[in-house]
Amino acid sequence: MQTENKPLILICNDDGYDSNGLSYLIDFVRDLGEVVVVAPSGPRSGASMSITSRTHIECSLVKEESHLHIYKCSGTPVDCIKMGLEVILDRVPDLVLSGINHGDNSSVNTYYSGTMGIVLEACMKRLPAVGFSSCHYSTSSPMDNLREYVRKIVRYVLSEGLPMYTCLNVNFPTNDPIKGVKWCRMGHGEWVNEWEHQIHPRGWEYYWLTGEYESQEPGAAGTDTTGLSEGYVTITPTRLDLTDYSYLERMRDLEF
């Protein structure tokens, strides 16, 4: 399947193997390496790093072209990357990409995101990985203006690599033209008003998960949320290690 003299790029996503954003990502990077896609059979937004443990997984080849193989998988986004790494590929990929997601994954959305779950799984495997997300939530939104940014980032990571256990969370604003790129930290915020109460026509109650994002530091300089609101592509280096080292140092000598 793979050509040894070309970089091997594994692509996964959480919107499904036939999603618009995935098609764009494949097109943007196809000439940069041997591309293998393993993506869910349908939408899996909000799957985070969940895995399937109570039912079987099915995976099948849906497209085979020169330097491109696309597989669909019945599991979660993280199931897809696990399947790709252990079952489908015959060598370790040079790069793992995720996206392009329909909807941004800035701030706390990182924790809920199946798109970012993929790159964090890659981090666990000590592989360089980048997650791409667009602030356009429409599944048919055009993404042609993202090409140069995706290609520059992919080329950089293929050439320079990433620190061990660090991945990149890249988010694209809705404006066109884009103003440029900013390296940012994760903004602090939360989702509020998350449940919409409804009455079914047959009388029972039910709820839809919805909500509004509320920044805890609106307009703060250097955050991904501010950068996006100002019209910039934001790149947030994201670490797998969640340890609070400053608190750890303060508590080392405390005995219980």
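The values are calculated or read from the model by the stated rules, or taken from the named source; none is laboratory data. No experiment lies behind these values; they were computed from the predicted model shown. Please note: Cβ atoms are built from the backbone with ideal geometry, for glycine as well, and neighbour counts cover all protein chains shown.
Annotations
- Strands (runs of 3 or more DSSP E) fully within the range 126-209 counting 3 or more residues that are surrounded by 11 or more Cβ atoms within 10 Å (Cβ to Cβ), within 17 Å of the chain's Cα centre (by Cα) and not aromatic (Phe, Trp, Tyr): 129-134, 166-172
- Some residue of the range 91-113 being more than 20 Å from residue 45 (Cα to Cα), among the β-branched types (Val, Ile, Thr) and in contact with a Phe, Trp or Tyr (Cβ under 6 Å, 6 or more places away or on another chain): no
- In the range 210-223, residue surrounded by the most Cβ atoms within 10 Å (Cβ to Cβ) [restricted to those that are at pLDDT below 95 and among the polar types (S, T, N, Q)]: 215
- When residues of the range 230-256 are limited to those that are outside any loop (DSSP other than H, G, I, E, B) and in contact (Cβ under 8 Å) with a residue 40 or more places away in the chain, the one nearest to residue 178 (Cα to Cα): 233
- Residue match in the range 64-77 (condition: part of a helix (DSSP H, G or I) and touching a residue at least 12 places away in the same chain (Cβ under 8 Å)): yes
- For the range 13-52, the tally of residues that are buried (at least 21 other Cβ atoms within 10 Å of the Cβ) and out of contact with any Leu (no Cβ under 8 Å at 6 or more places or on another chain) stands at 8.
- Of all the listed residues (104, 90), the sole one being part of a loop (DSSP other than H, G, I, E, B) and out of contact with any strand residue (DSSP E or B) (no Cβ under 7 Å at 6 or more places or on another chain) is 90.
- Only one of the listed residues (22, 85, 61) is without any contact (Cβ under 8 Å) to a residue 24 or more places away in the chain and outside any loop (DSSP other than H, G, I, E, B). That residue is 61.
- Residue list for the range 150-200, restricted to those being among the hydroxyl-bearing types (Ser, Thr, Tyr), touching a helix residue (DSSP H, G or I) at 6+ places or on another chain (Cβ under 9 Å) and over 14 Å from residue 229 (Cα atoms): 165, 166
- Scan of the range 56-81 for residues that are surrounded by 22 or more Cβ atoms within 10 Å (Cβ to Cβ) and under 13 Å from residue 10 (Cα atoms), ordered by number: 71, 77, 78, 80, 81
- Residue 118 among the aliphatic types (A, V, I, L, M) and either without any contact (Cβ under 8 Å) to a residue 24 or more places away in the chain or under 22 Å from residue 230 (Cβ atoms) (or both): no
- Pairs with Cβ under 7 Å, 6+ apart, first in the range 194-222 and touching a residue at least 24 places away in the same chain (Cβ under 8 Å), second surrounded by 10 or more Cβ atoms within 10 Å (Cβ to Cβ) and acidic (Asp, Glu): 214/190; 216/190
- Among the residues of the range 77-95, those identified as touching a helix residue (DSSP H, G or I) at 6+ places or on another chain (Cβ under 8 Å) and either within 24 Å of residue 141 (Cα to Cα) or not β-branched (Val, Ile, Thr) (or both) are 77, 80, 82, 93, 94, 95.
- Verdict on residue 226 being of a type in the set (Ser, Thr, Tyr) and modelled with pLDDT of 95 or more: yes
- Looking across the range 89-107, just one residue is surrounded by 17 or more Cβ atoms within 10 Å (Cβ to Cβ) and over 20 Å from residue 25 (Cα atoms), and that is 107.
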